[in-house]
1. If you go through segment 53-83, how many residues are polar (S, T, N, Q) and exposed (fewer than 12 other Cβ atoms within 10 Å of the Cβ)?
2. Within segment 84-127, work out how many residues are outside any strand (DSSP E or B), farther than 20 Å from Pro138 by Cβ and among the polar types (S, T, N, Q).
3. So Lys71 clears everything in (1) free of Cβ contacts under 8 Å to residues at least 24 places away in the same chain; (2) of a type in the set (Lys, Arg); (3) in a strand (DSSP E or B) except one condition, right? Which one?
4. Kindly provide the set of residues from segment 114-139 that are closer than 16 Å to Leu38 by Cβ, out of contact with any helix residue (DSSP H, G or I) (no Cβ under 6 Å at 6 or more places or on another chain) and modelled with pLDDT of 95 or more, ordered by number.
5. Give me the pairs, please: first residue somewhere in segment 128-139 and of a type outside the set (A, V, I, L, M), second residue anywhere and at pLDDT below 95 and surrounded by 14 or more Cβ atoms within 10 Å (Cβ to Cβ), beta-carbon distance under 7 Å, and either six or more positions apart or on two chains.
6. Filter segment 29-50 down to residues that are modelled with pLDDT of 95 or more, out of contact with any Ser or Thr (no Cβ under 7 Å at 6 or more places or on another chain) and assigned to a strand (DSSP E or B) and give me whichever is nearest to Leu117 (Cα to Cα).
Amino acid sequence: MKKYIVLTLVAAVMVLVQACGGSDDNPTPGSSTDTNLLKTWKVSQVLENSLDITAEFTQYRITFAESGTTKTYTLVDRQGTSSNGSWSQSTDGSTITLTAGGSSVTLTGVTITATQLKYSADEAGKAGAINLSFTLIPE
């Protein structure tokens with residue numbers, strides 16, 4: 001009888017230890033997404049080379065979402081126009097590609113923490129493409 005009580009207690013302890021295991025910010029199995037990315041971000045700073053143009057991006061927001069294997073984004077550009085599409089991230093996490101309506105934009109030099117998202121992106125300027133450096137914070 002004591003043997004059954006001991007075995008029952010050991011089994012109960014094992015179940016409790018398994019149930020109380022902590023979670024972390026690592027991607028879920030089968031996913032390479034950094035969960036820190038999955039939120040709405042707003043501009044903290046935008047630089048064109050060393051020129052601070054943050055004031056031109058007060059409406060800029062980007063929301064990254066993931067449901068199963070479906071990865072979507074919503075972008076509100078600096079003029080306040082909203083667009084939606086899908087996104088993908090490179091296996092090393094250094095680039096994110098936004099795709100909508102057959103066109104795509106690649107964000108490069110991506111770094112993600114719980115409190116900051118940084119990347120560079122090309123934008124059409126009056127004299128051709130210009131490269132902008134973005135620093136975003138959670139909204």
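The values are calculated or read from the model by the stated rules, or taken from the named source; none is laboratory data. Please read these numbers as outputs of a predicted model, since none were measured by experiment. Cβ sites come from the backbone with ideal geometry, for glycine too, and all protein chains shown count toward neighbours.
1. Adding up the residues that qualify gives 7.
2. Counting residues in segment 84-127 that are outside any strand (DSSP E or B), farther than 20 Å from Pro138 by Cβ and among the polar types (S, T, N, Q) gives 4.
3. (1)
4. Matches in segment 114-139: Thr115, Gln116, Leu117, Tyr119, Leu136, Ile137, Pro138.
5. Within 7 Å, the pairs are Asn131/Asp122; Phe134/Ala121.
6. Trp41
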